[in-house]
Each structure stands twice: as C-alpha cells, then as structure tokens.
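> Can you read through this structure? Questions will come right after.
The values are calculated or read from the model by the stated rules, or taken from the named source; none is laboratory data. Small disclaimer: the values here were computed from a predicted structure and weren't measured. Using ideal geometry, Cβ is built from the backbone for each residue, glycine included, and neighbour counts are taken over all protein chains shown. Areas reflect the complete protein model, heavy atoms only, side chains present, ligands, DNA and RNA absent. Shrake-Rupley method; radii C 1.70, N 1.55, O 1.52, S 1.80 Å.
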Amino acid sequence: MTLPGASGLRMIDVGGQQLRVSVRPGDPARTPLLLMNGIGAGLEAFAPLVEALDPDIAVIRFDVPGVGGSPLPAVPYRFPALARRVAGLLDVLGYAEVDVLGISWGGGLAQQFAFTRRERCRRLVLVATGSGSIMVPAGPRTLGRMITPRRYLDQAHLLRVAAELYGGSARTDGDLVRQVLAGHGRAGPPLGYLYQLVAGAGWTSLAFLPLLRQPTLVLAGDDDPLIPPLNGRLLAALIPHAHLHVYPGGHLELAAMPHLLVPAIQTFLHR
C-alpha cells in the first residue's frame with residue numbers, strides 16, 4: 001500500500017508484519033543502500049543523509065516494528081529474527097544484494113544482518129555503534145537517559161540532555177538537535193521502544209565479528225558520550241576487512257552534519 005503524499009513511502013507486509021518503507025530509486029546498475037536507524041527513531045531521521053547522497057544510489061529505509069509508522073509486533077523480537085525479517089523485506093522489494101549502513105542501535109542490527117545474511121550484504125558501514133552488551137559503555141548517567149524515549153516526546157527535555165547524550169554539534173546547536181530528533185524523527189509507541197531495548201539486551205557481536213567477510217567502514221565520532229570512540233577501534237580491529245574513520249563530532253553527525261561523513265561513505269561504496 002502506497003501512503004498518500006509521500007513519494008516512495010508505503011506499507012509492506014513481510015511475513016505478517018507490516019513495515020513502513022521508503023525507497024528512493026537510483027541507478028539499477030549500482031548496489032542499493034539499506035539504512036538501519038538508531039533506537040526510537042523513524043526513517044525520517046535519515047532524510048538529511050539521503051538528500052546528501054549521490055542520487056544514483058538507490059536508498060532503502062524502513063521503520064522497525066513498533067517504531068515510526070510500523071505497527072507493534074505481537075511479541076518482542078531479537079536481532080537474529082529481525083535480520084530475517086529484513087531479508088524478507090528485500091525479497092518483497094526484489095533486491096538480491098545491498099550495501100548496509102547502520103547507526104547506533106541500527107549498527108547492531110547491521111552487524112547481525114551482515115553475519116546471518118552475508119550473501120545479501122556486499123559492503124557494511126557502521127556509524128557510532130559498538131559490539132552490543134560487551135563494549136566500552138557510556139557513563140551511568142548517560143545510559144540512564146536512554147531507558148525511556150522521553151527525548152523524542154518532550155523537546156524541553158531533549159534540549160536539556162542533548163549535550164550529555166550526543167556530544168559534538170549537540171553541545172552548541174540546540175536548533176539542529178531539535179530538527180534532527182524532533183523535526184525528522186517519528187517516534188512510535190513507548191512499548192515499541194521497549195521492544196528495541198529487549199532486542200539488544202544481552203546481545204553481542206564479539207563472537208562473530210572476526211567471521212565477517214564484507215569490506216567494512218567504521219565511522220566513530222571523537223566526541224560521542226553515548227558510544228565512546230574506543231568502540232569503533234574495537235570493531236575495526238576485530239573485523240578482518242575494516243577501515244576506521246574517526247570524524248570530529250558526536251553521535252548525531254550523520255544526520256546533523258552529513259557533509260562530514262558522506263564523502264567517506266561514498267568513496268567506500270564506490271570502490
């Protein structure tokens with residue numbers, strides 16, 4: 001079902017689960033780019049990145065179950081099950097192979113997809129993410145802020161905690177933070193946020209990172225309180241064909257300042 005007023009935006013049934021999906025067409029000779037978003041954020045949060053990318057690159061975005069415009073699933077899910085659901089989405093859309101970019105929580109899902117659906121993932125881009133429950137953690141206060149989706153629902157609260165959570169441009173530009181998380185984000189019901197927390201609880205990629213064979217670009221901010229940059233170094237050290245790029249900024253720069261990261265991403269994808 002195509003949604004009115006939104007080009008390329010539609011609801012797709014994947015194994016009984018409705019997913020809200022956006023596909024920007026591109027050059028059919030090039031590998032499409034599949035985007036996986038951070039916790040609590042709808043696919044609109046990727047809008048600044050999509051606008052900055054080469055229009056020849058087809059871009060696939062989706063809301064995970066219970067987030068944005070995708071309805072709640074009947075039961076909670078885990079990353080392996082969601083990776084299978086994403087593969088089913090690609091089947092419906094008719095894509096045999098994609099490049100995958102995941103940020104933060106979506107970076108965990110991207111790692112899982114690259115491992116369990118390796119034949120579907122040509123190249124992997126991991127942004128501001130880590131290896132899951134076994135990683136260099138953020139501070140206790142920062143982690144406590146992540147337990148609820150309040151920052152998506154209360155702009156005053158968002159502006160109070162943004163610098164502490166996200167670092168980088170969030171320390172100096174409240175309007176930019178509001179635009180990225182409130183203007184482009186579309187939060188789902190609180191239970192959907194809880195399901196995302198459940199999906200990643202106890203999950204770690206450490207055991208299979210050395211088994212990944214895709215060329216991988218790891219992007220880590222040098223001022224990211226939520227995902228300390230040492231996590232990017234750990235990923236790059238454990239993934240055999242990985243390249244680490246440390247950028248100046250924090251957790252939100254992919255959407256807040258995409259011009260900082262798009263050149264490195266496109267160079268990597270074009271190789």
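> How much accessible area per residue does the range 17-81 have, counting only protein heavy atoms and a probe of 1.4 Å, in square angstrom? Intermediate results must be reported in sequence, preceding the final value.
On the way: 2080 Å² over 65 residues.
Dividing the accessible area of the range 17-81 by its residue count gives 32 Å².
> Could you sort 259, 251, 245, 270 by their accessible area in this structure, using a 1.4 Å probe and putting the largest first?
Result of the area sort, largest leading: 259, 270, 245, 251.
> Below 15 angstrom from the Cβ of residue 14, what's the summed charge of the other residues (Lys, Arg +1; Asp, Glu -1)?
That works out to +4.
> I've got another one for you. With the full set of protein chains in place, find how many percent of the accessible area of the chain is carbon and sulfur; take the probe as 1.4 Å.
The C+S portion of the solvent-accessible surface of the chain is 59 percent.
> Please compute the alpha carbon radius of gyration of the range 26-96, then divide it by the globular-protein estimate 2.2 N^0.38 Å. Two decimals is fine. Could you put the intermediate results ahead of the total?
On the way: Rg = 13.2 Å, N = 71, 2.2 N^0.38 = 11.1 Å.
So the Cα radius of gyration is 1.19 times the expected 2.2 N^0.38 Å.
> Would you calculate the volume per residue, in Å³, of the smallest convex hull containing every Cα atom of the chain?
114 Å³
> Find how many whole Å separate the alpha carbon centroid of the range 56-128 from the alpha carbon centroid of the range 232-271.
The two parts, judged by their Cα centres, are 18 Å apart.
> Ignoring ligands, DNA and RNA, what accessible area per residue does the range 199-271 give at 1.4 Å, in Å²? Write down the numbers at each step before the final one.
Numbers: 2860 Å² over 73 residues.
Heavy-atom accessible area per residue stands at 39 Å².
> How large is the translational diffusion coefficient of the range 88-172 in µm² per second when you combine the Kirkwood radius over alpha carbon pairs with Stokes-Einstein at 37 °C and 0.692 mPa s? Numbers along the way, then the final one.
Values: Rh = 15.1 Å.
Approximately 218 µm²/s, per Stokes-Einstein.
> Amide H to amide H, which residues 5 or more places from residue 70 or on other chains are under 5 Å from it, using H placed in the peptide plane?
Placed amide hydrogens put 20 under 5 Å from residue 70.
> Could you work out the relative contact order of the chain, using alpha carbon pairs under 8 angstrom and six or more residues apart, expressed as a whole percent?
That works out to 21 percent.
> Also, I was wondering about something else. Is it possible to state the helix-based mean residue ellipticity at 222 nm for the chain, with each DSSP H run of 4+ residues giving -39500 (n - 2.57), the sum divided by total residues, to the nearest 500 deg cm²/dmol? What is it?
Result for the chain, helices only: -9500 deg cm²/dmol.
> Under a point spin-label approximation (7 Å from Cα along Cα-to-Cβ), what is the residue 153-residue 237 distance to one decimal in nm?
Taking the simple label geometry, residue 153 and residue 237 are separated by 4.0 nm.
> Related question: Apply the Karplus parameterisation 6.51 cos²θ - 1.76 cosθ + 1.60, with θ equal to phi minus 60°, to every residue of the range 41-50 and state each ³J(HN,Hα) to the nearest whole Hz, in sequence, with x for glycine and proline.
Each residue's phi maps through the Karplus curve to give 9, x, 5, 4, 4, 8, 3, x, 5, 4 Hz.
> Mind giving me the nanometre distance, one decimal, between the label points for residue 11 and residue 267, set 7 Å out from Cα along Cα→Cβ?
Inter-label distance under the simple model: 4.4 nm.
> Sticking with this structure for a sec: For the range 24-172, what's the relative contact order in percent, using C-alpha pairs closer than 8 Å and at least 6 residues apart?
It comes to 21 percent, rounded to a whole number.
> Also, quick follow-up: How would 119, 164 line up by accessible area, probe 1.4 Å, largest first?
Sorted descending by solvent-accessible area, the residues read 119, 164.
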